[in-house]
1. If you go through the range 21-47 one residue at a time, how many are more than 30 Å from residue 107 (Cα to Cα) and touching a helix residue (DSSP H, G or I) at 6+ places or on another chain (Cβ under 8 Å)?
2. Count, please, the residues in the range 38-59 that happen to be in a helix (DSSP H, G or I) and free of Cβ contacts under 8 Å to residues at least 12 places away in the same chain.
3. Could you list, ordered by first residue, the pairs with Cβ atoms under 7 Å in which the first is in the range 113-134 and not assigned by TED's automatic domain parsing to the domain that holds residue 63 and in a helix (DSSP H, G or I) and the second is at pLDDT below 95 and crowded, with 16+ Cβ neighbours inside 10 Å, at least 6 apart or interchain?
4. Just give me the residues in the range 1-22 being in a loop (DSSP other than H, G, I, E, B), surrounded by 14 or more Cβ atoms within 10 Å (Cβ to Cβ) and in contact with a strand residue (DSSP E or B) (Cβ under 7 Å, 6 or more places away or on another chain), in sequence order.
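The values are calculated or read from the model by the stated rules, or taken from the named source; none is laboratory data. A quick note: this is a predicted structure, and the numbers were derived from the prediction, not measured. Note that each Cβ is placed from the backbone with ideal geometry, even for glycine, and that neighbours are counted across all protein chains shown.
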């Protein structure tokens, strides 16, 4: 017998459901035995399946947190001048954005949501920069840390 997906491979395996010959490369081990990919219905986990509506909600929540977060960041920085304060604020904004985006889409995860979270942290920094137009090392490192935290919460 030859595998249907790989005709150059000889095999003695058959799908436990439909009986098609399969090779070890395309075999999917399931709790009830070896199956071909069609019968095993290999698909992404529901946690990583986000609808267009979910992406729209995530974008709204991300920007809804980013704008007030950037305003609060500028307000706090204008009253308290502590060099590493930007690191802490950006990390907190990144955590809040990642967590609230995840909650708004029923704890879904995935690369699209990670991108929305990272862009939202950058948007928060842009709002901060409108009020406090200064560029320093700690603030930029804080933005990177905020992006990493938001992405990690949505991974």
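1. The number of residues fulfilling the criteria is 1.
2. Quick first cut of the range 38-59, residues in a helix (DSSP H, G or I) only: 38-40, 46-48, 52-59.
Keeping just the survivors that are free of Cβ contacts under 8 Å to residues at least 12 places away in the same chain gives 46, 52-53, 56.
Adding up the residues that qualify gives 4.
3. Cβ pairs passing all conditions: none.
4. 3, 4, 9, 11, 15, 16, 17, 20
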